[in-house]
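The structure under discussion appears below in the form of structure tokens.
A short reminder: the numbers here are calculations on the coordinates, not readings from a lab. Quantities reported herein were computed from a predicted structural model and do not represent experimental measurements. Here the Cβ positions follow ideal geometry from the backbone for every residue, glycine too, while neighbour counts run over all protein chains shown.
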Amino acid sequence: MKIVGRKKEKRILEGILQSKRPEFLAVYGRRRVGKTFLIREFFNDHFAFSFSGTAKGGMEAQLAYFNIAMKKYGAPPCEAKNWIEAFELLEQLLERTKAREGGRRIVFIDELPWLDTPRSGFLSALDHFWNTWGAKQRDFLLVICGSASSWIIRKVLRDKGGLHGRVTRRMRLMPFTLAECAEFFLENGIDYDLRAIADSAMVFGGIPYYLNMFARGASVPQNVDALCFGENAPLREEFDELYTSLFKHSDKHRRVVRALASKRKGLARDEIIRHTGIPSGGGLTDLLEELEESGFIRSYVDFSGREGLYLYQLVDAFSLFYLTFMDRRKRADAHFWSNFRGGGAHGAWLGYSFELLCLLHEGQIKERLGILGVSTEVSSWRGEGGKHQIDLVIDRADGVIDLCEMKYTQEPYALDKAYAEKLAARREAFIAQTKTRKAVHQVMVAAAGLKQNAYSHAVQFEVRLEDLFR
């Protein structure tokens, strides 16, 4: 199957193949984002050895699967009783393995965090294997992969022991951009226009696993109904399964996600404590880091940098959609989404989800503004007293600050007098409260563009939906 998109990642992998040194690649990212598929397809399954950890398996079960994998790759009948023996046997297998002409001996260990069971000694054995053998083989490539991104970061990338600084390359795989979603649908024979693709991304967040379930010939609402609301819908239990599979104490993670879903602009740390009942010293820092590194939330600072305005915001589209529409609907309804669209609740969700979509495509917005080569800092801003808020502020090194407003409408957005005055008042408040001396421009990110009228001059630049597909 063809690898869709992933141009940057493929360049990294090509560079690794051309490298003349031993390489240790760590791949991480949200579950269902396509990490295993990318590695297996890019290397065409040409591995000297490949093995995957299994969820909720103890050390004996993990070693049993390891021994089975060794036999598949031609190892003699000898079973490892612990991880030290396992990596010794792997080393012996690799010594007998010849790399392809000009190629590499590649070992792929998938779902690595599941292998690190209590008192198993897995990490110390991996450390010893790499440092005493792998790091000395110029043609050797070790690829480790896992959906528990925070585990990969804490236990491998930030390790203070034998693995410290050993990873030579790292790759955080993100959900598909809108352009990649469009390419994916085209590759799978699904003919959607740009708005339909955006609608799908606002529900499923550009996660390849979900998009791969779409039926040809069915509209986006029909596919949402079939996957989320119909009888035996495959994603009815996905929310709980998603978090349970990633985090040991997933009930706390879900409590935080639910709290953030109820306050969509984000919550400060003390607000999260009040909403969830999780004490400040109850591992909250690690929990928030785990959610952020796994791609479910983002943290950001207020433009003014005022103390206490470091906020956390839910950015995983499917989690938001589930908690908004699926969570309390226990009965199947094969046509719920098709019939629900267009109501007030749908409109409120649509507006906010489009804002998130824009935040996740800030690079495309900057490209449309012609400032990709300009150094920028991206943030949000809350005015004093909570009267004004701007979700996307682009602070540019060329002496300009862009205040971005997002609107998702079917027709070109028409500014009226009241809204033009609101934008002007918000801009004035921003300048007064931040005391900036830079030029401040209004940018409208409008799906269908901005209708030119007597008030459209209040906006200096417009960005359309098609610009997000760059």
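Quick look at the numbers
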item	result
Normalised per residue, the volume of the convex hull around the Cα set of segment 1-101 (Å³)	137 Å³
Residue-wise HN-Hα coupling along segment 110-124, computed from phi with Karplus coefficients 6.51, -1.76, 1.60 (Hz; x: Gly, Pro)	9, 6, 4, x, 5, 7, 7, 6, x, 6, 7, x, 4, 5, 5
Dipole-positive endmost among TYR192, PRO77, ILE390 within the chain (Cβ charges, Cα centre)	PRO77
Vicinal HN-Hα couplings computed from phi for segment 79-94 (Karplus, 6.51 cos²θ - 1.76 cosθ + 1.60; Hz; Gly/Pro x)	9, 6, 9, 8, 6, 4, 5, 4, 6, 5, 5, 5, 4, 5, 4, 5
Nearest 10 degrees, 0 to 90: helix 194-204 Cα axis against the chain principal axis	60 degrees
Residues with amide H under 5 Å from that of SER294, placed H, sequence gap 5 or more	SER150
DSSP-defined beta bridges in segment 362-469 - what % are antiparallel, rounded to 5	45 percent
Amide H partners (placed H, <5 Å) of GLY383, local residues excluded	HIS388, GLN389, ILE390
When each of LYS252/LYS366; LYS155/LYS252; LYS56/LYS155; LYS56/LYS81; LYS10/LYS248; LYS8/LYS263 is checked by Cα-Cα distance, pairs over 27 Å	LYS252/LYS366; LYS10/LYS248; LYS8/LYS263
Entry for mean projected area of the Cα convex hull in nm² (calculated from the structure that is shown) out of [x] 24.9; [y] 28.4; [z] 21.2	[x]
In segment 139-227, the trypsin sites (Lys or Arg not before Pro) that fall in loop regions by DSSP, at most 14 other Cβ within 10 Å	ARG158, LYS160, ARG216
Estimated 222 nm signal from helices in the chain, with DSSP H stretches of n ≥ 4 weighted -39500 (n - 2.57), rounded to 500	-11500 deg cm²/dmol
Percent RCO, i.e. relative contact order, over segment 197-258, from Cα pairs under 8 Å lying at least 6 residues apart	14 percent
Low-density loop cleavage sites - GluC sites (Glu not before Pro) in segment 1-75, where at most 15 other Cβ are within 10 Å (DSSP)	none
Ellipsoid semi-axes in whole angstrom, largest first, where each is sqrt(5λ) of the Cα gyration tensor of segment 7-172	22, 20, 16
DSSP-assigned coil residues among trypsin sites (Lys or Arg not before Pro) in segment 7-61, each with at most 12 further Cβ atoms within 10 Å	LYS20, LYS56
For THR409, distant residues with modelled amide H under 5 Å away	ALA447, ALA448
Backbone HN-Hα couplings from phi across segment 242-259 [Karplus 6.51/-1.76/1.60, Hz, Gly and Pro as x]	4, 6, 4, 6, 9, 10, 5, 10, 5, 4, 5, 4, 5, 5, 5, 5, 5, 5
